[in-house]
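Notes for the one structure printed next.
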């Protein structure tokens, strides 16, 4: 299909503003008389606040307010950034207070200070006297479920948030019928989003007595609802404004700092208060990626036919539920529309422990389950002596596949082409031959892995998106969306869709990048890789409506029927002849100023998108293993994606670069570590938490197989989270190829790699017997 | 915003020494890449600071009459690794300097600060140790020159007397002349990281024999150390892969590695052997020798 703007690498709308520093982020806004808020955090992993003495802190000059849970409404609320559910049974777990009276992890917020400046606030924190009754704590999901384990929340026996699972077919029968039953254990670690911009918000009470919160968030409309719920306010009395944001990756799909920032302002008589976390705080008191343990048991025939799979998943959600079990459930839903298992039994458990809270992070459980599954498939291939790519090819679903549980239908499926393209790009066969029989301290290996992902959350949650377009006097349009630009480039993509429909050059589409819940159309925000797919449908609908109205006005002017005309490059043309009949500006001016018929051209629509589209892709990687030191480096990597039509190739590549680098960090280096005795984070800073630098990041190659997805705008499907899913298992499989050593846990941290290599006999025992 | 009670910014070394003599409790701040972090974390709360940032004379890198290379204590790492003098005569110090932090850190972090901070992971320390460097320490009334080995007292502890400032690092001619060198910073990342292990090797090879070899290790013990037994073994030996392997094996001996959440003792010792072997082999190559295997 031929497009003018869709499919082109349009320069992102905010590029210049961001690189010149013109773009203003939450911390760039200042209010008169602004105060600073700081938080006192529990030094204990599990402790009840017995008594509180705030008198010394309150007496410090420059302190405006000091408060604890005792001074706040005792309303438990849920923080996850999901659309509200009218069905109480489908709501997120309400287990959080703005400040807690019982600390459940080291760093849990127990008191807050508001002061004239940060230093005074810090000093006041040291003057708060709190007496704790320290309780025993648990750090692992297994320990938390043991009988007699300390209970984190009263209403969750065994500390299990949920063990709801799904199944179809008869997996036990398949185990009996299959030639082989192969089992494997796989594990992932706690990692963090590490968005550049900290978690930050400021709040004040405005002239109408409403609470205004400015926040670096992915989900302004949801923040509004949750701030109101947490404070016991009518929802309409809260306004949330989201300016430019410096990354979120799911961490800001959660309500973390906003209710407290609002409470700080209320405690200080409505004065503006800024609450911006330090990096150390972001690590411990925002969200992390769930560490998961998976046990996979697969029924497979000798020819490689996968018959059934039983997945047991244990998800450590930390001290509060946050997105809780939704993440485990998401994990269980994504691999089904990739491999054609006759039966699946998915048994997840999400468990509370006394660790920092896990929540949404790019991929939403999917990187964990695909690490397990794609590693497992290579292990199976080895056991059966089948080529790992052949094993996968043999078991792929086909277009038209309908998931027996979600009922989602696969309408486009580019995996076979992704595999072919990936093999060709990395020169799979040639390198595979070259890598045979390697000895010595440096070894090369090839690995690959597949993934599947969705576009939005249907049918699990509501997928509602709003878009509003106003045509200006010059024929340009201003587009407002409730979906949030968080760096992924959505504003640019929406502008492209609008420009394409309206026959405008991109410069004639102005996008309001700030979301303000008083003004912005309703939309649940940036998550689930939903925006191009879901909001794109709303934007297209709004643009079509404007187009219809333009042609109606043009019909009035020209006497032609609307259907006989089109808009091309700011002109109205008679389609059959290609003849220009008037300018778009003429139409817009009529719409504004015609003495009889003036009615500015606008549209204000929303789309309730009750359909989903599966996105697919593969990673192909070559690694270079330093056997002696245990270091694994990526020599070459390709991510090949089927995301339907690519609306903006350069932005799409950018998504792949960011996602793959994030995945490689988790595959090789990143992990949050906790003192096993105290539960205190050991490395909650960017020196000790090994986020890869640009020097540690290989050249990342992106390629696309463009299928056409009938359900999406212009044939598009999701891409945002996709690139982060398959690199880790591909790297793991490549290390297996290089060394014959199968790793079952990420990251492949040099210390661990060293230990495994020695265990496998790859390293001679050192001869030194020194003391 | 930092929690400090006073800040002195003298314009001359004499002035700085006088201020420190009067207020020996002042915390000296050079580039600030360590001190400011400690202030931010509250471990130096309420401190008084003596900043040396205006003492530009201490940034100079010069060769003295006797061939000693004097590196001013306030020389930032960027200046050091870009210095023609250092590149020509002590390239191994360039390697160490450029392995520090990232460009922004290297622009402000100084060699004097790196040493006085007493961190066992200091990239400059193990290299300077291998180069037999000396430290020039001055008070308002006194001056002394001591070997690197006498300066380190323990993790984060150095033998700096009250009122004393480190003013220069001296690399004597014998320390560097005719030596090939190599520094391996083994860290989890290629930038912005602290070393898991630092191995600095300098050596002189003539007619395929080790004339001199010195090995400095960082993060192998509570302080940077030298591997004297390995060094003594090497002297006069023919350069062969077996000899290099034996040197590496002996290099592990003085180490007092310990297990922490960063790395195990076992792994650290393994790395010392592997990396000492690699560093010696590379230093030999650069020193005009050859270690074919």
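Read-outs throughout are calculated quantities, based only on the coordinates presented, and are distinct from any laboratory measurement. Quantities reported herein were computed from a predicted structural model and do not represent experimental measurements. Methodologically, a virtual Cβ is constructed for each residue, glycine included, from the backbone with ideal geometry; neighbour enumeration extends over all protein chains shown.
Observations on the structure shown:
- Descending semi-axes in Å of segment B:53-108, equivalent ellipsoid built from Cα gyration tensor: 19, 15, 7
- Value of relative contact order over chain B, rounded to a whole percent, pairs C-alpha under 8 Å and six or more apart: 15 percent
- For segment A:398-522, alpha-carbon Rg and Dmax in angstrom: 22.9, 72
- Among B:235, B:204, B:185, the residue with the largest mean-square fluctuation in a Gaussian network model of chain B, with springs joining Cα atoms closer than 10 Å, is B:235.
- With contacts taken as Cα pairs under 8 Å and at least 6 residues apart, segment B:178-286 reaches a relative contact order of 28 percent.
- Relative exposure of A:541, B:265, judged by other C-beta atoms within 10 Å (fewest first): B:265, A:541
- With helices as the sole contributors, the protein assembly as shown gives -8500 deg cm²/dmol at 222 nm; each DSSP H run of n ≥ 4 counts as -39500 (n - 2.57), and the sum is divided by every residue.
- Shown for segment A:163-280 is the translational diffusion coefficient from the Stokes-Einstein equation, using the Kirkwood radius over Cα pairs, a temperature of 10 °C and a viscosity of 1.306 mPa s: 93 µm²/s.
- Percent of C-alpha pairs per 10 Å bin, segment B:178-286, short to long: 16, 50, 26, 7, 0
- Cα centroid of segment A:218-265 to Cα centroid of segment A:665-716, whole Å: 26 Å
- With the convex hull drawn around the C-alpha atoms of segment A:382-440, the volume per residue stands at 133 Å³.
- Largest first and in whole Å, the equivalent-ellipsoid semi-axes of segment A:57-98 read 34, 10, 7, each the square root of five times a Cα gyration tensor eigenvalue.
- Per-residue packing, averaged as other Cβ atoms within 10 Å, sorts the ranges B:212-221, B:276-285 into the order B:212-221, B:276-285, beginning with the highest.
- Gaussian network model of chain B, springs between alpha carbon atoms under 10 Å - residue of B:173, B:189, B:106 with greatest fluctuation: B:189
- Using only Cα coordinates, the Kirkwood hydrodynamic radius of segment A:457-540 works out to 12.9 Å.
- When DSSP beta bridges are restricted to pairs lying wholly in segment A:185-290, around 70% turn out antiparallel.
- Counted over segment B:4-51 with a bin width of 5 Å, the fraction of Cα pairs per bin, in whole percents, is 5, 22, 32, 22, 13, 5, 0.
- Chain A: C-alpha pair distances exceeding 53 Å, %: 14 percent
- Cα-based Rg and Dmax for segment B:77-217, where Dmax is the largest Cα-Cα distance (Å): 15.0, 49
- Rounded to 5, the percent of DSSP beta bridges in chain A classed as antiparallel: 80 percent
- Length-normalised contact order of chain A in % [C-alpha pairs under 8 Å, at least 6 apart]: 15 percent
- Counting Cβ atoms of other protein chains within 10 Å of each Cβ in A:625-632 and taking the mean gives 3.
- Dimensions of segment A:52-171 along the principal axes, based on C-alpha atoms and rounded to the nearest Å, stand at 69, 36, 22, largest first.
- Principal axis dimensions, largest first and in whole angstrom, of chain B by Cα: 60, 48, 31
- Sequence of A:38, B:136 once ranked by neighbouring C-beta atoms within 10 Å, starting from the fewest: B:136, A:38
- Whole-percent pair-distance distribution, where bins are 5 Å wide, for the alpha carbons of segment A:550-625: 3, 13, 18, 13, 9, 7, 7, 7, 6, 4, 4, 3, 3, 1, 1, 0
- Cβ crowding within 10 Å, taken as a proxy for footprinting-reagent exposure, orders B:85, A:231, A:577 from fewest neighbours to most as A:577, B:85, A:231.
- Between B:100, B:188, B:148, the GNM of chain B built on Cα springs shorter than 10 angstrom shows B:188 fluctuating the most.
- For segment B:1-154, diffusion coefficient by Stokes-Einstein and Kirkwood Rh (Cα), 20 °C, 1.002 mPa s, µm²/s: 132 µm²/s
- Cα pair distances exceeding 20 angstrom across segment A:452-596, given as percent: 50 percent
- Peptide A:671-677 has a mean of 1 when you count, residue by residue, the C-beta atoms of other protein chains within 10 Å of its C-beta.
- Debye log10 I(q)/I(0) at q = 0.12, 0.18, 0.19, 0.23 Å⁻¹ for segment A:98-159, Cα point scatterers: -0.44, -0.75, -0.80, -0.99
- Of every Cα-Cα pair in segment A:123-189, the percent that sits beyond 18 Å: 68 percent
- Gyration tensor over the Cα atoms of segment A:272-412: the corresponding equivalent ellipsoid has semi-axes (square roots of 5 times the eigenvalues, largest first) of 35, 17, 13 Å.
- Three principal axis extents of segment A:1-108 based on alpha-carbon atoms, in descending order, are 69, 45, 26 Å.
- Other protein chain C-beta atoms within 10 Å of residue C-beta, averaged over B:260-273: 4.
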